[in-house]
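Everything below concerns the one structure shown next.
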Amino acid sequence: MSRRKAFLLKLLVYLFFLNSISFFIYLSHYKSEKNPSFIIENHTKLPLLEEEKKKNSSFLKGKSWPILPSYSPWNLNPNVRVQSCEGYFGSGFNKKIDLLIRSPEIHRGGGSSSSANLGGGGGGWFRCFYSETLESSICEGGRVRMNIDRISMSMGGENLEIVIGRGEEEELPTFEPGSFEIEADNDQRVNGNKLVSQEFLDQFVPEGVVVRHTMRSLLDSIRLVNSEEFKCSQWVEEPILLITRFEYANLFHTITDWYSAYAASRVTGVPTRPHLVFLDGHCKSQLEETWNALFSSLTYAKNFSGSVCFRHVILSPLGYETAVFKGLTEVINCKGAEAHSLWQNPNDLKTARLTEFGEMIRASFGLPLEEIRVQKSQVPRHNVLFVRREDYFAHPRHDGRVESRLSNEQEVFDSLKVWIDNNSFGCEVNLVNGLFAHMHMKEQVRAIQDASVIIGAHGAGLTHIVAAAPKAIILEIISSYFRRPHFALISQWRGLEYHAINLDGSSADPDVVIGHLRQILGSLGC
């Protein structure tokens, strides 16, 4: 018996020792990946799958895609009708143009529909997916070199306080010829040739209403380089999404950029969320919190030095080219619907894509996606969120004063608070003071998600309703000086109940606002 106990004891000690070694190796391997960076020196010990993965390579670990209840595949579907809801908000990028072919293709199969094949064989590849509905393209390529010294713009990523007064023209990129290069075959005749023609740009990346179309300029700068000339000071192995932002400190415009980046990632079928490179020189802003949450990591292009090569790079269209922005000037007659109903009964006039995107935002912050059910024995609780506008410094050219859209906002809020505090309802009603300018982005999204009723004057903060609960009710107070359809449209595309109070001027009668809220709460059973 004692021998058996001794044997078991030795076995346990051996297993403990083996487990300790394994655990140490695990920690050693992953400790540098906890906060992924684009400049990673310690990853040269990872297995090298190709000859090119040498000691100057950067290996990045991407975040996995979350499971979204409203997700639908973003397939390359030629049957998506032009100007349908799926054409506007989903996989309407269904015309594939191969510009530089390398076989086998990655991520997506299928035959070639090349209209401008410039050859191949050198390892590089490049193609675009064009949306006839949006008149916009998502492009991607492999073995692409960025020569950062040929891109003129400010450094980017600075604290706002140190760049006050800097002009926007300094922050937007100017691309010299060869700012980007792709490895082509060894035919000397291709060296220095442009990837795209003016005809291609006019057909598939039209300027539209954009005065300075940075994606056109970037594509126009791309040159082909022989393999002998294709030298890199650094390789980045994971998928990279290149983003140029314009009105980067404004939530409405930034949400159009988020949506464009999300669509580009889905259309190109990357297996994990891509890493971001900002191709602009804007300073830091509060909205970077959501960029970081949505995607795997971010850096500014000017943080690189020398020539950096990307194994897989994606060009995100400008936010101005999304349906969210185009709806301000075009008639996009789409209504929000539940995804499962559209799976069973497809309808060109309905969409669940904005709901899917809102779920993506919430999931990226680790917020729950399923509605929390209240037991019958409990008193229903409803948050009434009042989205406020506050003075704050938004960008280097901003004086810190926010233009008032509701001149007596504080009076309206105080009146709502007194009314709620001094009345009994058939449910619990809680008024939330939405001072978003001084809240972290996660807390802003949480406040939106938890709200049964969202009230606010017309302003960018209301754009958060893309992430509102499916049964949330929107009440917008609209000054006569700012009658714009932004939030009525988003509510329509989300399938949210929407009400508006149109003012004569910029001052609201608190009793009128209370009257609207009383009716809304009554519809909720309060």
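The values are calculated or read from the model by the stated rules, or taken from the named source; none is laboratory data. These figures come from a predicted structure and were not determined experimentally. FYI the Cβ positions are ideal-geometry reconstructions off the backbone, even for glycines, and counts take in every protein chain you see. For accessibility, only protein heavy atoms count, side chains too; no ligands or nucleic acids. Shrake-Rupley method; radii C 1.70, N 1.55, O 1.52, S 1.80 Å.
Every residue, every condition in (1) hydroxyl-bearing (Ser, Thr, Tyr); (2) open to solvent by 20 Å² or more (accessible area, probe 1.4 Å); (3) in contact (Cβ under 8 Å) with a residue 40 or more places away in the chain, yes or no:
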{"site": "Cys232", "(1), (2), (3)": "no, yes, yes"}
{"site": "Trp258", "(1), (2), (3)": "no, no, yes"}
{"site": "Gly269", "(1), (2), (3)": "no, yes, yes"}
{"site": "Leu279", "(1), (2), (3)": "no, no, yes"}
{"site": "Asn292", "(1), (2), (3)": "no, yes, no"}
{"site": "Phe310", "(1), (2), (3)": "no, no, yes"}
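With respect to Asp98, determine if the residue is open to solvent by 20 Å² or more (accessible area, probe 1.4 Å) and either at pLDDT 95 or above or over 30 Å from Lys284 (Cβ atoms) (or both).
Working: open to solvent by 20 Å² or more (accessible area, probe 1.4 Å): no; either at pLDDT 95 or above or over 30 Å from Lys284 (Cβ atoms) (or both): yes.
So Asp98 does not fit the description; no.
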Exercise for review: Please determine, by comparing only the residues of the range 465-490 that are out of contact with any His (no Cβ under 9 Å at 6 or more places or on another chain) and open to solvent by less than 10 Å² (accessible area, probe 1.4 Å), which one is nearest to Glu330 (Cα to Cα).
Suggested key: Ile490
Check your understanding: In this structure, does Lys417 turn out to be more than 26 Å from the chain's Cα centre (by Cα), outside any loop (DSSP other than H, G, I, E, B), basic (Lys, Arg) and at pLDDT 95 or above?
Key -> yes
Exercise for review: Residue by residue through the range 161-212, note down the ones that are open to solvent by 50 Å² or more (accessible area, probe 1.4 Å) and either within 30 Å of Gln286 (Cβ to Cβ) or not assigned by the TED database to the domain that holds Lys95 (or both).
Suggested key: Glu161, Ile162, Ile164, Gly165, Glu168, Glu169, Glu170, Thr174, Gly208, Val209, Val211, Arg212
Check your understanding: Pick from the range 435-453 the residues that are in contact with a helix residue (DSSP H, G or I) (Cβ under 6 Å, 6 or more places away or on another chain) and under 11 Å from Val387 (Cα atoms): which of them is modelled with the lowest pLDDT?
Key -> Phe436
Revision key, fill the gap. Note on the range 491-526: residues under 30 Å from the mean Cα position of the chain (by Cα), surrounded by fewer than 19 Cβ atoms within 10 Å (Cβ to Cβ) and charged (D, E, K, R) are Glu497
**Study point:** Pairs, first closer than 13 Å to Gly525 by Cα in the range 422-435, second of a type in the set (A, V, I, L, M, F, W, C) and modelled with pLDDT under 90, C-beta under 8 Å, six or more apart
**Key:** Cys427/Val379; Glu428/Val379
Practice item. Could you grab me the full set of residues in the range 155-172 that are closer than 14 Å to Phe278 by Cα and charged (D, E, K, R)? Key: Glu158, Glu171
Review point. Does Leu134 qualify as being of a type outside the set (Asp, Glu), surrounded by 21 or more Cβ atoms within 10 Å (Cβ to Cβ) and in contact (Cβ under 8 Å) with a residue 24 or more places away in the chain?
Key: yes
Check your understanding: What tally of residues in the range 501-516 results from selecting those that are closer than 14 Å to Phe413 by Cβ and among the small types (Gly, Ala, Ser)?
Key -> 2
Review point. Here are some residues: Leu349, Leu328, Leu315. Which one is more than 24 Å from Arg446 (Cα to Cα) and over 21 Å from the mean Cα position of the chain (by Cα)?
Key: Leu349
Check your understanding: Mind checking which residues of the range 77-93 are more than 18 Å from Leu342 (Cα to Cα) and touching a Phe, Trp or Tyr at 6+ places or on another chain (Cβ under 7 Å)?
Key -> Phe93
Revision key, fill the gap. Residues of the range 352-368 being closer than 14 Å to Ser91 by Cα and either over 24 Å from the mean Cα position of the chain (by Cα) or in a loop (DSSP other than H, G, I, E, B) (or both), in sequence order, are Ala352
